[in-house]
Amino acid sequence: MSAMTLPQQLATIGLFVLGTMLTRFLPFLLFPAGKPTPKFLQYLAKVLPAAVFGLLIVYCLRNVDLFSGGHGLPELLAIAVVVGLHLWKKQMLLSIAGGTVCYMLLVQFVF
């Protein structure tokens, strides 16, 4: 495999810059500040966060075996920590980090 020539390198960098700028500026061009946000985007903004969290829960718990090891107890306790922290502080990143730390500590030192 040969190395890229200087014009190829410059073209690659230019395309990356163009792609990055396009993804940054396009929403402001499509949806200016004075115009109302389309209804379908308002709907997506309302439902997608819950859908993403649901997907993450299914993904994280898909391999939990209730009939071996800790019987899903570390996962259940970590979920309880996430829910408790979120109800208490209402800080998403704190809730996720707290649940992750709780799960890692349980798996490493308890189960």
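The values are calculated or read from the model by the stated rules, or taken from the named source; none is laboratory data. Please read all numbers here as calculations on a predicted model, not as lab measurements. Neighbour counts run over all protein chains shown; Cβ positions are idealised from the backbone, glycine included. Quick note on the areas: whole protein, heavy atoms, side chains included, nothing else; ligands and nucleic acids left out. Shrake-Rupley method; radii C 1.70, N 1.55, O 1.52, S 1.80 Å.
Does region 12-111 come out rounded, prolate or oblate, given a ≥ b ≥ c as the square roots of the eigenvalues of its C-alpha gyration tensor, rounded meaning a/c under 1.5 and, failing that, prolate meaning a/b above b/c? Please list the in-between numbers first.
Values: a/c = 2.81, a/b = 2.07, b/c = 1.35.
Taking the square roots of the gyration eigenvalues as a ≥ b ≥ c, region 12-111 is prolate.
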Partner lysines for residue 35 [C-alpha distance under 27 Å; skip if fewer than 8 residues away on the same chain]: 46
Solvent-accessible surface (1.4 angstrom probe) belonging to residue 101, in square angstrom, nearest 10: 80 Å²
Span-like helix ranges in the chain, DSSP H, alpha carbon extent 30 angstrom or more, Kyte mean at least -0.5: 6-30, 39-61
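Sorted by accessible area (1.4 Å probe), largest first, how do 86, 71 line up?
Values: 86 80, 71 110 Å².
Reading off the accessible areas and sorting them downward yields 71, 86.
In whole percent, and with a 1.4 Å probe on the protein chains, what portion of the accessible area of the chain is carbon and sulfur? It would help to have the intermediate numbers written out before the result.
Numbers: 7220 of 9510 Å².
Percent of accessible area from carbon and sulfur atoms in the chain: 76.
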Pair residue 15, residue 109: separation of 7 Å Cα→Cβ label points (nm): 5.0 nm
